[in-house]
Amino acid sequence: MNDVNFFPPKDVAAKMCEAGVGKCKLPLLKMFLLAILAGVYIAFGAQLFLLVGSDSTLGFGFARFLSASVFTVGLMMVVVGGAELFTGNNLVLIAALDKKVAWVELLKNWVVVYIGNFVGSILIAAFLLWGGTWSFNNTLVGANALKVALSKTSLTFAQAFFRGILCNWLVCMAVWMAMASKDVIGKLFAIYFPIMAFVASGFEHSVANMFFIPYGIFLKSNPKVLEAAGKTIADVANLNWGTLFTVNLIPVTLGNLVGGAFFVGFIYWVVYLMNTKK
């Protein structure tokens with residue numbers, strides 16, 4: 001297999017385990033700063049999703065495809081540029097299962113990275129608000145942002161949970177396949193297709209939602225955005241910091257953990273690393 005441009009799955013599992021050790025051993029400040037960057041990068045992709053999706057002349061399927069395609073830039077920057085993303089770091093479970101890191105180190109990584117992702121996401125939402133990019137396309141970009149946020153805080157717990165599973169199953173497969181590639185172009189292609197698939201399918205990504213919903217909260221009091229979206233103040237009453245967590249982030253995060261840590265990390269560890277000689 002040395003003459004091909006990718007690592008076979010068994011080697012990817014070992015490399016993922018090694019990467020998990022490195023992530024858990026990062027100094028706290030570096031881990032937090034890299035997590036902020038990941039939140040920023042995913043928010044950049046999410047902004048592109050809102051921008052492209054604001055074009056009402058596109059058909060439903062084509063609009064979903066194009067907006068999902070540009071969203072992929074976020075994970076591309078995370079993987080190639082280097083950053084710590086909670087959803088991708090669900091694969092660090094492999095290192096814990098292989099007893100290369102302690103469970104407390106795994107939990108510390110997940111908590112610190114999750115908080116850092118939130119900080120980075122809020123930062124970009126605030127910058128976009130102050131930069132007035134919501135006014136693009138006759139305020140339809142802001143209207144789209146508001147509608148997306150409303151849709152995400154209108155899900156049932158079960159809907160958010162299962163969409164979270166489906167989302168991070170694909171996200172972690174994107175990370176897994178990117179790890180398999182030996183060059184940057186291969187990594188970009190490996191990332192593009194699974195991420196495009198999850199976004200176009202309407203699945204739920206906890207870190208992306210750390211941007212989408214707060215951005216909607218920031219915009220809901222803007223009369224121009226409300227008018228462009230065809231909404232009233234009463235229509236957006238349920239869009240707030242409480243529903244961000246209770247309706248969306250809690251079930252979506254739990255779903256992301258199941259989809260990424262269990263269906264990708266745990267299963268591949270069982271297949272390729274469990275009971276193997278070190």
| message | Where the second residue is among the small types (G, A, S) and surrounded by 19 or more Cβ atoms within 10 Å (Cβ to Cβ) and the first is free of Cβ contacts under 8 Å to residues at least 60 places away in the same chain and more than 11 Å from V40 (Cα to Cα) and lies in region 73-84, which pairs have Cβ atoms under 7 Å and are six or more apart or on separate chains? | response | V73/G45
| task | From (1) surrounded by fewer than 18 Cβ atoms within 10 Å (Cβ to Cβ); (2) within 19 Å of C24 (Cα to Cα), pick out the condition that doesn't hold for D55. | result | (2)
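Whether any residue in region 96-107 is of a type outside the set (S, T, Y), within 30 Å of G230 (Cα to Cα) and surrounded by fewer than 23 Cβ atoms within 10 Å (Cβ to Cβ) is what I want to check. Step through it out loud before you land on a result.
We begin by selecting, within region 96-107, every residue of a type outside the set (S, T, Y); these are 96-107.
Narrowing the set further to residues that are within 30 Å of G230 (Cα to Cα) leaves none.
Looking for residues that are of a type outside the set (S, T, Y), within 30 Å of G230 (Cα to Cα) and surrounded by fewer than 23 Cβ atoms within 10 Å (Cβ to Cβ), one finds none in region 96-107, hence no.
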| said: Any residue at all in region 50-58 that's outside any helix (DSSP H, G or I), over 12 Å from the mean Cα position of the chain (by Cα) and within 15 Å of I191 (Cβ to Cβ)? | reply: no
| The lone exception for F266 - which of (1) without any contact (Cβ under 8 Å) to a residue 40 or more places away in the chain; (2) in contact with a Leu (Cβ under 7 Å, 6 or more places away or on another chain) it fails | (1)
| request: Kindly check whether there is at least one residue in region 136-150 that is within 18 Å of T246 (Cβ to Cβ) and either touching a residue at least 40 places away in the same chain (Cβ under 8 Å) or not in a helix (DSSP H, G or I) (or both). | output: yes
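If we scan region 264-276, do we find a residue that is under 17 Å from the mean Cα position of the chain (by Cα) and either among the charged types (D, E, K, R) or closer than 19 Å to F157 by Cα (or both)? First the steps, then the outcome.
Keep residues of region 264-276 that are under 17 Å from the mean Cα position of the chain (by Cα), which gives 264-265.
Right, trim to either among the charged types (D, E, K, R) or closer than 19 Å to F157 by Cα (or both) and you get none.
There is no residue in region 264-276 that is under 17 Å from the mean Cα position of the chain (by Cα) and either among the charged types (D, E, K, R) or closer than 19 Å to F157 by Cα (or both).
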| task | Working only within region 1-18, note down all residues that are of a type outside the set (D, E), in a helix (DSSP H, G or I) and either surrounded by fewer than 19 Cβ atoms within 10 Å (Cβ to Cβ) or touching a strand residue (DSSP E or B) at 6+ places or on another chain (Cβ under 8 Å) (or both). | result | P9, K10, A14, K15
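Can you name the residue in region 166-175 that is within 20 Å of E84 (Cα to Cα) and either over 11 Å from the mean Cα position of the chain (by Cα) or of a type in the set (G, A, S) (or both) and, of all such residues, is surrounded by the most Cβ atoms within 10 Å (Cβ to Cβ)?
Of all residues in region 166-175, those within 20 Å of E84 (Cα to Cα) come to 167-175.
If we keep only those that are either over 11 Å from the mean Cα position of the chain (by Cα) or of a type in the set (G, A, S) (or both) too, we end up with 169, 173-175.
Values: W169: 20, M173: 22, A174: 27, V175: 29.
By that ranking, first place goes to V175.
Pick from L29, L93: which is in a helix (DSSP H, G or I), buried (at least 20 other Cβ atoms within 10 Å of the Cβ) and at pLDDT 95 or above?
Details: L29 fails: buried (at least 20 other Cβ atoms within 10 Å of the Cβ).
Of L29, L93, the one residue that is in a helix (DSSP H, G or I), buried (at least 20 other Cβ atoms within 10 Å of the Cβ) and at pLDDT 95 or above is L93.
The values are calculated or read from the model by the stated rules, or taken from the named source; none is laboratory data. Only a predicted model underlies this, so the values are computations on that prediction, with no experimental measurement involved. Here Cβ is always computed from backbone atoms with ideal geometry, including for glycine, and neighbour counts include all displayed protein chains.
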